[in-house]
Structures are given as C-alpha cells and as structure tokens.
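Have a look at the structure below, then the notes.
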Amino acid sequence: MAVKHSAPKGTFDVLPSEESSRELVATHAGKLLDAAGYGRIETPAFEETELFARGVGESTDIVTKEMFSFSDRGGRELTLRPEGTAPICRAYVEHGMHKDPQPVKLWYAGPFFRAEKPQQGRYRQFNQIGAEAIGTDSPLADAELVVLLDELLRGLGITDLELRLGSLGSPEVRASYREELRDYLREHESSLSEEVRGRLDTNPLRAFDSDHEGTREVMQRAPTILERLDGEDAEHFATVRSLLDAAGVPYTLDPSLVRGLDYYTRTVFEFTCDRLGAQSGIGGGGRYDGLVELLGGPSTPAIGWAAGVERILLALEDEPPLRRPEVFVVCAEPRRAFETALGLRRHRISAQLDLAARAFKGQMKQANRAGARFAVIVEQDGSVKLREMESGEQRDIDPADLPEAVIAAREA
Ligand code: AMP
C-alpha cells in the first residue's frame, strides 16, 4: 500500500522558487567575509557528542534537551551539530592552526540541528552563517566582527535592527559574580520559577532569560556583571564600545545579555529584529577565550558570531526578484530548439526551451509564463527572430550571429 510522507516535524523543503533569496544571502555573506580576509571552512554535519557536552556546556539548554544524538553501529556517541563554534575550535586544534599566523579568520555556512519546539522562525534543521577570529584578544576583532554582522544584515536590506551589547568579564570575575548573583537569588528564592530554582547552582545567570513574572521582578533589581568588570575587562569593553561608536554602529547596553552557551567570556552581542515576533534573535555571538584550551589546544582567545538564514529571510522586507530566463526558444522543430538553446547557454546566456511537446502557440505562451526577457523564434525555414517580450518588438536576425545579437540586445 502506498503511504504519503511529510518532512519531519520542524524541518522544511526549500523549493526552487525560494532558492534564489537564499542564494542572495549566501553570496552577499561570502563576498563580505572574503573581502575582510575570512576563509571558508566546512566541518562535518555530525561530531562526537562529547565535543558539544564539553564545548557548549553540560548545563546549557542545547546540551540538556536540544541535541539530536545517536550511537552509530560501532557504538560511538554522535550528535548532529547544534552549533558551529565548538566544531571549528576542534578543527583549529586538530589541524594545528595555532601554528599559522594569528588570528585565523574563518567563516562557515550550512545546516544545524536542534530539537526545539518548532514555530515561526524556529526549526529543527536550520541554516546558519557564522564567522570566527581565533587567536586574538584585541578589541579590534570584537568590533570588526560586530560591524561585519551589522553590514551583512543591513546590506541585505534589513532595517529595524537592534544591537544589544554586553560583557561577561573574565572567568574569574564571572565566577565571583556568579556567587554574588546566587546569594542574591537565594534571598529571593520563593519568588523564582521552579526552573530557575533548579538551576541556581549550575547556571544562575540563566535567570536573566526567564519569562516567569516573579523571576523577572527579582532580576530587575539583581546586581549586574557590568558593574563588576575589573580593570582589563572594563578597559576591553570600553574600547569595543568606542570602536563601535566610531564605526557608527548603534547599540544598547544590556547587562542581562546571557547567551545560551557556556563558553562566552567578555564581549557578547545579539542583533534582534522586531519584525520577527517571538523569535526576534537574528544573529549573535561573543568572545570565547577559554574554549580552544578546553578542547585540548593552547590558550587561545577568540571571538565569533552566527546568524540564522531563515530568520534573515523572514526579516527581509522585499522579496528578491525571481530568477527569470533571458531567452525562451520558440521552435516547432524540437531538435532545432534543443540545439539553439544549448548554443546560447554555451555563451552564458540563460536559455530555456519547451520540454512538453507544446505547439508553436503554446510555446509563446510558455515564454511569457516563464518571464523570459526575449523569445528567440526559429521558423521552419531556419530564419530567426528576436522578440522582446515586454514591448512585443520583434526583428529578424542572422542565425549565425544569434548569441551576439542577444548579448547586444541585453545591453541595449
Ligand atoms: P545561537 O547559536 O543560539 O545564538 O543562534 C544563532 C542564530 O541562529 C540565532 O540568532 C538565530 O538566527 C539562528 N537560530 C538558532 N536556533 C534556531 C532555530 N531553532 N531555528 C532557526 N534559527 C535558529
């Protein structure tokens, strides 16, 4: 018996009509990041589970409830990658990139997987574009990356963006602040949500993320880490801020900005877009000065970000133009239509032909429907006409000069 299947929950098909806008995003990102000296890296779609458990953090949402993990036939524990930074740091260490001139600047694009509850803008397989500068503690790198993400999003035409900026300080400052916050939360334990209470010991910072009303009230009066940054952390943060001011990138300071991954230190940032509704985060990142070392490499400061392609597409105001053929070949003789279209394509002219045995009139209609700019009409006797579809203007051309004639008409 035949059974109809659907794409798994939280996944989607990308149809040809939707592909051109994705390509536009990928091309724009690639050009921007290449020009800034970032080289593209590709890592596998799955990694050892342990990499994410260590690299992302045992108590994070990602690791505790969002990973697609499985054992392979040899009993190895593997996970479909939920994020890109831990795999890239793994690759940095594995390939000895610390011996290359520093920083190593990398970018990536591809699918990521998280078992989240699906909704608009939140999927179980989604695409990210990301960039990382590994091997630099300079605040210039922080500012460069924030500016690149800003340019990526604005360059695509996304307006109403907001940049939230914070700092988590060094691990030491964070540890003592964590204690202070934990004590504060204990004093107000009865007003907190069960989830926050459950994580008081492992991850008190996550209380800032809570939607629970009682918790939110308590958090409004909580001490913030920005008030606790010490000398070098404070100086680093001040420099990042002044570089962003100089670059004309506006931001709001958000002392409660806690990203869902454990590895961040110092600068953290997130771009949000109101048009996206509940899932307003469009891209973000931060410094992860301890991660490479945690994954067995030398002590190596680094910073990076990731942006969601589907959220970028949702935030885009204008639909990008549909991909239209330049030429539709109209010819009652199929072999001749085939050869004519191929001949045009060899000159890098996008050409289509009828593949459904339509009569001459039906082919003209199809040329229109396909949105072709020109029809190349090949008559029975071999004579050729070039017709501009929109104006209906039509003229005879020498069949031997067909590609040149199309190229000239295209530029006219
Ligand atoms: P994160 O690593 O969680 O900061 O994610 C970086 C970006 O990836 C977010 O700002 C979103 O644009 C996108 N993203 C994260 N999770 C999902 C998801 N489940 N579905 C779609 N996009 C996502």
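The values are calculated or read from the model by the stated rules, or taken from the named source; none is laboratory data. Fair warning: this is a prediction, and the values are worked out from it, not measured in the lab. Cβ coordinates were reconstructed from backbone atoms using ideal geometry, including for glycine residues, and neighbour counts include every protein chain displayed.
Consider Y108 against the criteria (1) outside any strand (DSSP E or B); (2) in the same structural domain as G286 (by TED's automatic domain parsing); (3) not aliphatic (A, V, I, L, M): it satisfies all of them except one. Which criterion is unmet?
Every condition holds for Y108 apart from (1).
Scan segment 148-162 and tell me whether some residue there is within 16 Å of the ligand (Cβ to nearest atom), part of a strand (DSSP E or B), more than 22 Å from G297 (Cβ to Cβ) and touching a Phe, Trp or Tyr at 6+ places or on another chain (Cβ under 8 Å). Explain how you work it out, then say what you get.
So the first thing to find is which residues in segment 148-162 are within 16 Å of the ligand (Cβ to nearest atom), and the list is 148-150, 152-154, 156, 158, 160-162.
Now drop any that are not part of a strand (DSSP E or B), which leaves 161-162.
Imposing the further condition that a residue be more than 22 Å from G297 (Cβ to Cβ) reduces the set to 161-162.
Filter once more, so that each one left must be touching a Phe, Trp or Tyr at 6+ places or on another chain (Cβ under 8 Å): 161-162.
Scanning segment 148-162, I find at least one residue that is within 16 Å of the ligand (Cβ to nearest atom), part of a strand (DSSP E or B), more than 22 Å from G297 (Cβ to Cβ) and touching a Phe, Trp or Tyr at 6+ places or on another chain (Cβ under 8 Å), so the answer is yes.
Go through (1) among the hydroxyl-bearing types (S, T, Y); (2) more than 16 Å from the ligand (Cβ to nearest atom); (3) crowded, with 22+ Cβ neighbours inside 10 Å and name the single condition S170 misses.
(3)
Can you name the residue in segment 102-123 that is within 16 Å of the ligand (Cβ to nearest atom) and among the polar types (S, T, N, Q) and is also farthest from G30 (Cα to Cα) among such residues?
Q119
Could you name every one of the strands (runs of 3 or more DSSP E) located completely within segment 42-101 that has at least 3 residues being assigned by TED's automatic domain parsing to the domain that holds G296 and more than 16 Å from the ligand (Cβ to nearest atom)?
On the way: elements: 46-48, 69-71, 77-80.
Filter on segment 42-101 gives 69-71.
Between a first residue in segment 198-217 that is among the basic types (K, R) and a second residue that is surrounded by fewer than 17 Cβ atoms within 10 Å (Cβ to Cβ), which pairs have beta carbons less than 7 Å apart while being 6 or more apart in sequence or on different chains?
Close Cβ pairs satisfying both conditions: R199/S59.
Go through segment 283-304 and give me each residue that's within 17 Å of the chain's Cα centre (by Cα), crowded, with 24+ Cβ neighbours inside 10 Å and within 13 Å of the ligand (Cβ to nearest atom). Quick ask: steps written out before the conclusion?
Of segment 283-304, the ones within 17 Å of the chain's Cα centre (by Cα) are 283-286, 303-304.
Those left that are additionally crowded, with 24+ Cβ neighbours inside 10 Å: 283, 285-286, 303-304.
Result: G283, G285, G286, G304.
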